[in-house]
Amino acid sequence: MSENDDLDPALLRHLRDVPPASASMRDAHISAALAEMAPSRSAAIRRTRILGGVAAAMVLTLGGVAISRQQSESGRRPLNGVTTTTMPKGGGDCAEESSGIQGDAADSKEITFNGDTYVLVFRDDAVDVFQAVEECLVGTLSYRDAMLERDKESSLPHPTHKCGYLTEPVARFSDEADGDPYNLVLVQTDDGLSVEFDDICDVSIDAITLP
Amino acid sequence: MTHDELLVRRAQRGDQKAVDSLLRQHYDTVRAVCHRIVINSDDADDATQMALIAIVRALPSFDGRSKFSTWVYRIATNAALDEVRRIRRRAIPHSDETFSSLPVNDDSAAVDAQLAVSAALSKVPEEFRVVLVLRHIADLEYDEIAVILDIPVGTVRSRLSRGRTQLSELLGNPDPAAERQTKETGGPP
């Protein structure tokens, strides 16, 4: 303390000695606060409207459009451990625990796929994909393990090496695990989205199928 | 970038685990600030809840110009003061009871001592009490308190001095600073 603080030590001790909260009260307080992170539907709609300008440039109209990708889906070379999440057609019920778009507008993008609108939320190590209307979490594209694998193998990112795409990626972004940042892209597939390193062409790290 | 700064950045990007971690990290102090400003335990817990909610809501607007902890305690202070204003509209029976002096070296009387401190704090004017709490519980520097309360540093210093004197007198303990000043000026012991 840089200032002169004369307070009887016993008094100071008792002043600071607030009886601790029970674990259940602490958890309840924090849970209630965390619930504030799930915005209301109207807030989500406002957010996506704010994104309108940016989103307009990012909108994908995949439905009914012949996608002429250079490589077919079967030609993609997945990394070890790649999983593809497939959601039931029609969306199904929105489970309570997976509903509510969580994230900040600055890290979100809106896309359209087969006539349905989705919101991409970019968070550390993953991209969450939500249905915009029901606010259901459709799936998560994870790439942390792939980054860690490259860190471990000293497979350093090539900042100047960028793959060519017949269809412009849905999004370009960068993220890091424990080492250097990697440039990543979200690209459209015939039935959904795939996340890839921008310097390792046509290798899917993770993919999801959209309804 | 420090671990805490990274945690805040992740929280601002909507990482729920990061927010949870930040709230748990600051929970005890936020609660202590609320309890010492609000006094009444149930109301203080309400204030704590409101403070945590306000922190989460305001997180995206945190610009890093102050320390994150200072920003958190500012929100906690405002939540506590809001609760005090709400309570003030309720009828509170006034008690003229005298406060027991703090026991010395008697841990078994800790609960009584806590009650005595709470009762005495409730008698200290709010503007002094808040400064006392921010200084001695949140461990904030004078300039940080000045920013939080939007008052000059000199006012922080004077309120702190007067608050300490009043608190000590209410508890029947001599205020060390006042006592030393008296001795230095040759006044009565």
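Each reported figure results from applying straightforward, stated rules to the coordinates on display, with no laboratory input. Note that the structure is predicted; figures quoted are calculated from it, not measured. Because the Cβ atoms are built from the backbone with ideal geometry, glycine has one as well, and the counts that use them run over all protein chains shown.
Assorted remarks:
- Modelled FRET efficiency - R0 41 Å, residue A:145 with residue B:139, Cβ distances, 0.05 increments: 0.50
- Least to most buried among A:130, B:128 (fewest other Cβ within 10 Å first): B:128, A:130
- Cα pair distances exceeding 19 angstrom across region B:1-90, given as percent: 37
- Inter-part distance, region B:10-58 to region A:140-211, computed on C-alpha centroids, equals 37 Å.
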